[in-house]
1. I need a count of the residues in the stretch 17-46 that are closer than 23 Å to ARG75 by Cα and outside any loop (DSSP other than H, G, I, E, B).
2. Examine the stretch 5-13 for a residue that is among the polar types (S, T, N, Q), within 20 Å of ALA85 (Cβ to Cβ) and out of contact with any strand residue (DSSP E or B) (no Cβ under 7 Å at 6 or more places or on another chain), and state whether such a residue exists.
3. Look at the stretch 68-98 and say how many of its residues are in a strand (DSSP E or B), of a type in the set (Asp, Glu) and touching a residue at least 12 places away in the same chain (Cβ under 8 Å).
4. Inspect all residues belonging to the stretch 47-62 and state whether any of them is outside any loop (DSSP other than H, G, I, E, B) and either touching a residue at least 40 places away in the same chain (Cβ under 8 Å) or farther than 24 Å from ILE95 by Cβ (or both).
5. Taking the condition of being touching a Gly at 6+ places or on another chain (Cβ under 9 Å) and within 16 Å of LEU12 (Cβ to Cβ), how many residues in the stretch 35-45 meet it?
6. Scan the stretch 1-35 for residues that are surrounded by fewer than 19 Cβ atoms within 10 Å (Cβ to Cβ) and within 10 Å of the chain's Cα centre (by Cα) and jot them down.
7. Can you name every residue in the stretch 35-63 that is within 23 Å of ILE87 (Cα to Cα) and of a type in the set (A, V, I, L, M, F, W, C)?
8. May I ask you to list the residues in the stretch 69-98 that are in contact with a strand residue (DSSP E or B) (Cβ under 8 Å, 6 or more places away or on another chain) and within 19 Å of ARG17 (Cα to Cα)?
Amino acid sequence: MTAALDAVTVQLPSSLREHVGGAQSITVSPAPADVCALLDSLALTHPVLERRLRDETGAIRRYVNVYVDGDDIRRAQGVATPVVAGITVQILPSIAGG
């Protein structure tokens, strides 16, 4: 299936797929301006996923990593990192262990 030209694809790990009906990815169209707007859009359609990604203040939980076209938003502009049509955003939980 081909995504719309004005869309952003959000890829999710298996640990979060249960909150979106088992989907490996979600298409958000039209493409939001930045990561914050993208997360706001996801919150409207998938409120349970929202609670796993952001805390009650709206900040991304510290164990959640977001990558815009492979770049960690924490090393870019955070939730103000621009999102443009055609890109892929990956949401991954942190992995700890030893």
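Each reported figure results from applying straightforward, stated rules to the coordinates on display, with no laboratory input. Everything quoted here is computed from the prediction, not taken from an experiment. Every residue, glycine among them, receives a Cβ derived from its backbone with ideal geometry; neighbour counts consider all protein chains shown.
1. Residues of the stretch 17-46 that are closer than 23 Å to ARG75 by Cα, as a first pass: 31-42.
Restricting the remaining residues to those that are outside any loop (DSSP other than H, G, I, E, B) gives 34-42.
The total comes to 9.
2. Step one: list which residues in the stretch 5-13 are among the polar types (S, T, N, Q), which gives 9, 11.
From the residues that got through so far, the ones that are within 20 Å of ALA85 (Cβ to Cβ) too are 9, 11.
From the residues that got through so far, the ones that are out of contact with any strand residue (DSSP E or B) (no Cβ under 7 Å at 6 or more places or on another chain) too are none.
Checked the stretch 5-13: no residue is among the polar types (S, T, N, Q), within 20 Å of ALA85 (Cβ to Cβ) and out of contact with any strand residue (DSSP E or B) (no Cβ under 7 Å at 6 or more places or on another chain).
3. So in the stretch 68-98, the residues in a strand (DSSP E or B) come out as 68, 71-72, 82, 88-93.
Retained after the next criterion (residues that are of a type in the set (Asp, Glu)): 71-72.
Within this subset, residues satisfying the condition of being touching a residue at least 12 places away in the same chain (Cβ under 8 Å) are none.
Summing the residues that are in a strand (DSSP E or B), of a type in the set (Asp, Glu) and touching a residue at least 12 places away in the same chain (Cβ under 8 Å) in the stretch 68-98 gives 0.
4. The initial filter retains those residues of the stretch 47-62 that are outside any loop (DSSP other than H, G, I, E, B), namely 47-54, 60.
Next, from what is left, pick out any that are either touching a residue at least 40 places away in the same chain (Cβ under 8 Å) or farther than 24 Å from ILE95 by Cβ (or both): 47.
Yes, there is a match, as at least one residue in the stretch 47-62 is outside any loop (DSSP other than H, G, I, E, B) and either touching a residue at least 40 places away in the same chain (Cβ under 8 Å) or farther than 24 Å from ILE95 by Cβ (or both).
5. Summing the residues that are touching a Gly at 6+ places or on another chain (Cβ under 9 Å) and within 16 Å of LEU12 (Cβ to Cβ) in the stretch 35-45 gives 2.
6. If the condition is that a residue be surrounded by fewer than 19 Cβ atoms within 10 Å (Cβ to Cβ) and within 10 Å of the chain's Cα centre (by Cα), then THR9, GLN11, SER25 are the ones that fit.
7. VAL35, CYS36, ALA37, LEU38, LEU39, LEU42, ALA43, LEU44, LEU49, LEU53, ALA59, ILE60
8. Those that are in contact with a strand residue (DSSP E or B) (Cβ under 8 Å, 6 or more places away or on another chain) and within 19 Å of ARG17 (Cα to Cα): THR88, VAL89, GLN90, ILE91, LEU92, PRO93, SER94.
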